[in-house]
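These notes concern the structure reproduced below.
The values are calculated or read from the model by the stated rules, or taken from the named source; none is laboratory data. The structure displayed is predicted, hence computed values, not measured ones. Positions of Cβ are backbone-derived with ideal geometry, glycine not excepted, and every protein chain shown enters the neighbour counts.
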């Protein structure tokens, strides 16, 4: 698995959930299918008059979520920016040719008058496969985005009691000094964090 494959899987999903924050700090979610994919980039179309467009222009932060029929969750966190004016027609035509239903919504030249394409070229991608045992998760990046670690670590203050390993639903905690969490299989459920008698488990981020 890698970032390129994750983008390809999002393409297969088709309709994606895009989350933004409005001017009042309220979360907003839209389903978007007007998307063009490149090996390490994503371009999407929306109408200039929509609140979605204003939120992207004013803030830019966006999370994109797709869920495959194989129980794979792919979450992309990024800052979306408008494509430059000179390239807007190129990407609008590209997206409309790939999604012909859009011609019914914006016939003739209305797509150029009323639409705008945004691009995502720097992003963190979280891949989470619930369809395997143990579960598998990994984080990738595209462009200049840096990985932000999420989850739990076991500190050197671990006393080796084994409560965390005995109660881990994915059996992904290895015995040692200190015990060690296999991050690629961790569910981020926090059971180990709650049960540790000496608080040796650190929460360094949440799902």
Among the candidates 85, 59, which residue alone is over 19 Å from residue 9 (Cβ atoms), surrounded by fewer than 15 Cβ atoms within 10 Å (Cβ to Cβ) and modelled with pLDDT of 95 or more? 85
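Every residue, every condition in (1) assigned by TED's automatic domain parsing to the domain that holds residue 126; (2) in a loop (DSSP other than H, G, I, E, B); (3) closer than 27 Å to residue 2 by Cα; (4) free of Cβ contacts under 8 Å to residues at least 60 places away in the same chain, yes or no:
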{"site": "147", "(1), (2), (3), (4)": "no, yes, yes, yes"}
{"site": "161", "(1), (2), (3), (4)": "no, yes, no, yes"}
{"site": "170", "(1), (2), (3), (4)": "no, yes, yes, yes"}
{"site": "178", "(1), (2), (3), (4)": "no, yes, no, yes"}
{"site": "192", "(1), (2), (3), (4)": "no, no, no, yes"}
{"site": "197", "(1), (2), (3), (4)": "no, yes, no, yes"}
Only one of (1) in a strand (DSSP E or B); (2) at positive phi does not apply to residue 108, and that is (1)
Region 134-145 - residue that is in a loop (DSSP other than H, G, I, E, B) and under 15 Å from residue 189 (Cβ atoms) and, of those, modelled with the lowest pLDDT: 134
Restrict the check to region 22-30 and report whether at least one residue is farther than 30 Å from residue 187 by Cα, buried (at least 16 other Cβ atoms within 10 Å of the Cβ) and touching a strand residue (DSSP E or B) at 6+ places or on another chain (Cβ under 8 Å). no
Just a yes or no: is a residue in region 93-104 assigned to a loop (DSSP other than H, G, I, E, B), surrounded by 15 or more Cβ atoms within 10 Å (Cβ to Cβ) and in contact (Cβ under 8 Å) with a residue 24 or more places away in the chain? yes
Test residue 149 against the criterion of being surrounded by 12 or more Cβ atoms within 10 Å (Cβ to Cβ) and within 28 Å of residue 55 (Cα to Cα), and give yes or no. no
